[in-house]
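Reading through the structure tokens given below for one structure.
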Ligand SMILES: Nc1ncnc2c1ncn2[C@@H]1O[C@H](COP(=O)(O)OP(=O)(O)OP(=O)(O)O)[C@@H](O)[C@H]1O
Ligand SMILES: Nc1ncnc2c1ncn2[C@@H]1O[C@H](COP(=O)(O)OP(=O)(O)O)[C@@H](O)[C@H]1O
Ligand code: SF4
Ligand code: SF4
Ligand SMILES: [Mg+2]
Ligand SMILES: [Mg+2]
């Protein structure tokens, strides 16, 4: 079966004051039905830009400069505005990081979910309202038949994010893009939302692109992972493989610098120092041809300075990495 | 923002922009220079100011002297014609501009000083102080401004000073409300709390921390207040409540208003002067606004 | 409400907060009803020992920031005592309070809003020195350079404006500024929550280093249990304006006693079968209720899987359960805590 989403060699540039600046370079990945692909990386690495490119919602000044994005066999990049409108919602939809700003404060949540249904499925107002209640129930909002008439500001952050999910899933899209869906939420609520997403996925077989910097969430939800650094994919593979055996120094650094919770008697918090990745992600326009991670990399050697960044190199079925020294580094 | 990522050999913790950016004030000035409306407005206003400052001595005609027959239409001797007493209108414009522009500027300053003081105290302290000051502001706001100014001028005498003060006193409430809103928004921001934690007292917080950050919209409204004050002065003089002893554009309008049908130039030129000045000022206001709230300032 | 906590204050206690209450007005119930109040902090007591880190965890709205800002005397408090270095600073007013501020400082969550955008970094760091009259102007300049160095920024940083720095660098500036008057106590209110994990590790290490070098005391607020465990010696869990459990870190992460702590821990446990079991048994549903006019009884009763009749009527008081382990729950001892070892 062909993948629901197939991104090939996608590059995006920004038309800035100093000419075209690369934002995303040669990104490729597939997501199959019912599978979850996680995009991870620090702020500014291009995760949201990938999502917006797929949705064709890039801000002005940003252009896709190469590549193709096939959604269910249809080329998104050459779709007309009219085709795009029906693709969005019908075939793909997106939930955003900040559920407050993504909902219209002037309409009840029921109206907003109903609107999607009426537009894409031609339901009558009454049917749409009834369906909206069903969707709110599906995302486990208590007292859904009352909450359907609530305005966004009357709901808590967790409930708003549930409403966003209900809206995104209203037309049973084949692909759901979730851009840090829980960053703005409390930990207990985060856990609930992740559970909800994976339950809904089991029911509907939706393909999910999950953008996150929470590696715990990746381990729990994702089937595959792509690690982005400065607009380039530097490691890709099955979630299991990448988490168990990260090969790129950046991925390893990301995992080492998170203080993981340890439970039980042996919990020893006196671990003095966290491993840290020094420095920061190079800003747009300051990214040369050599390995973008070079200034921060503890393993950088002569070859890294002499050669441009290596292409993503498939190591085995489960992993690909872009690093000159991955063989020496990986135990 | 340009940042140079050093390709230092050792991992670099401290990649910083190579040089300090201009201060936000300088950046705003530069932005202003790029706004066509603002630049046109500024040039016109500058021209008006120079004309009223140096014009009278260059032109050399006393605006109170009889320069020709009453109601002489514009001709080679009296370029803009004469009024009902035969006084030279151009000389009047050059001389009267001083008073008009000064009244505009000073009244706007009064407006802003009163408005900002009351608004900032109300917004910063909140609670009963806010309630009291807001009540006062509302009281002044419901009084019809022109009527109120007329009462003030009638009570305290028709001098330029009274007129200026009256205009300031009736126009401050909107500035106060604007300032109060900005202060309410800003006073709870972390950097204000951070300053308090650093040992700042209320005076320091109001004047040096909150006010500078509240200034942008206040500056825009101050610019517009000048225009409003000029119109106001015109209005009062037109109603015969200006200072009869000081030549101003408004006074010229007022004294000649009965002859508009027989001698259009007696009213049209002062009217046009007011119009151009107010237009220039509102263009400047636009430019300032663009400079301070760049909607589409580009990154990268 | 601090009945359980009245053990005599040992000399090494730097901060002793007693029954702190902060209420905010919240309009009226209905048009003519009685005025409502947000019970943001409702009877919080705790002690912080010199040179240690006191962690506060809890969901958003549980009153962590309000506690922090009240202790810093940045917002008006309704009642309570804040004994800092032997003096009740809750009574300080005006000039006395202003000058006392040099000894307790705060670092905020959002490094983008905590720095005045119109002033250069150097001026911002120097501000506390200027305001509190510390050192001569020349000494202050030297001190600014030294502080920048300590937080890992080059001296040229002094001439830049806040928007020229990245998030992590701004947080370094905030830390330098808080360090400037040489305080004894620094409150870090979600100081690393807005940062990326890589930058978060840098800042946590920096804070640790400063604590080692200068014997600083921290109150460290976070909702990330992993970070709390790594960073804190003592942990207090807040729920709707009250502390529900307080214990040394070792104890808290091996034998927590409050149902709400179990829920927090199950949400943050490392992925695996343990987490799945914990989530099934202990993760609570729904959102925290509103702190506007909370009902009598246990604040957690609405969501607690172990609630009984008594919980809804009677407010549980924070009591000593074991040495230095405090807990506010009617059913402590009746319900079996999760056993991490056997899972
Ligand atoms: N509107 C914009 N104008 C200019 N540059 C932008 C704009 N939006 C994003 N960028 C830049 O594009 C790059 C990629 O940004 P993107 O939002 O995809 O990052 P991200 O990985 O999603 O980060 P985060 O974790 O913060 O959401 C960054 O360098 C960012 O600064
Ligand atoms: N200035 C204020 N006015 C009214 N309510 C407030 C104010 N500040 C905080 N609150 C309320 O007090 C409660 C506790 O807030 P806060 O201390 O910020 O929680 P936390 O830091 O734990 O997320 C919240 O319900 C919040 O909405
Ligand atoms: S290529 Fe070299 S510099 Fe880049 S990540 Fe690998 S070892 Fe480090
Ligand atoms: S007192 Fe009752 S409701 Fe509260 S935590 Fe304990 S068992 Fe749960
Ligand atoms: Mg993003
Ligand atoms: Mg908070």
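Annotations for the structure displayed:
- Overall size of the protein assembly as shown from C-alpha positions, given as principal axis extents largest first: 112, 72, 68 Å.
- Evaluated at q = 0.11, 0.19, 0.23 Å⁻¹, a Debye calculation over the C-alpha positions of region B:150-240 (equal weights, vacuum) places log10 I(q)/I(0) at -0.47, -0.85, -1.05.
- Counting only Cα atoms, the size of region A:1-109 along its three principal axes is 44, 39, 31 Å, in decreasing order.
- Binned Cα-Cα distances of region B:35-150, short to long, each 10 Å bin given as a whole percent: 12, 24, 22, 21, 13, 7, 1
- Peptide A:207-219 - average C-beta neighbours from other chains (10 Å radius): 1
- Over all pairs of different C-alpha atoms, chain B has a mean inverse distance whose reciprocal, the Kirkwood radius, equals 22.0 Å.
- Between the helical axis of C:137-150 and the longest alpha-carbon principal axis of chain C there is an angle of about 50 degrees.
- Cα long-axis angle, helix C:259-268 against chain C (0 to 90 degrees, to the nearest 10): 60
- Treating each Cα of region B:74-224 as one equal point scatterer and applying the Debye formula with no solvent, the log10 of I(q)/I(0) at q = 0.18, 0.19 Å⁻¹ comes out as -1.03, -1.10.
- Cα-based convex hull, region C:258-343, per residue volume (Å³, whole number): 113
- Restricting attention to the protein assembly as shown, close to 65% of DSSP beta bridges with both partner residues there are antiparallel.
- The packing ranking, built from the mean of other Cβ atoms within 10 Å per residue, places the peptides C:58-64, B:144-150 in the order C:58-64, B:144-150, highest first.
- Among the residues of C:271-283, the average count of other protein chain beta-carbon atoms within 10 Å of the residue beta-carbon is 2.
- For the peptides B:72-82, A:251-261, A:58-68, C:220-230, residues were scored by their other Cβ atoms within 10 Å and the scores averaged per peptide; the highest-first order is C:220-230, A:251-261, B:72-82, A:58-68.
- Share of Cα-Cα pairs in region A:170-220 lying beyond 19 Å, as whole percent: 22
- Altogether, the Stokes-Einstein calculation at 37 °C and 0.692 mPa s, with the Kirkwood radius of region A:48-177 over Cα pairs as Rh, returns a diffusion coefficient of 212 µm²/s.
- From the C-alpha gyration tensor of region B:206-300, square roots of 5λ in Å: 37, 17, 7
- Crossing angle, helix A:157-169 versus chain A [Cα axis fit, 0-90 degrees, rounded to tens]: 80
- Sorted into 10 angstrom bins from 0, the C-alpha pair distances of chain A split as 5, 24, 31, 24, 12, 3, 0 percent.
- Computed over the Cα atoms of region A:221-331, pair by distinct pair, the Kirkwood hydrodynamic radius stands at 15.3 angstrom.
- Over all pairs of different C-alpha atoms in region C:3-232, the reciprocal of the mean inverse distance, the Kirkwood hydrodynamic radius, equals 18.7 Å.
- For peptides A:167-173, B:224-230, A:282-288, A:11-17, sequence by mean Cβ density within 10 Å, most packed first: B:224-230, A:167-173, A:282-288, A:11-17
- One way to sum up the overall shape of region C:172-240 is the equivalent ellipsoid from its Cα gyration tensor, whose semi-axes run 19, 15, 11 Å, largest first.
- In terms of its Cα atoms, region A:101-172 spans 30, 22, 20 Å along the principal axes, sorted from long to short.
The numbers here are math on the coordinates, done by the rules we state, and not lab data. Quantities reported herein were computed from a predicted structural model and do not represent experimental measurements. Virtual Cβ from ideal backbone geometry, glycine too; neighbours counted across all protein chains shown.
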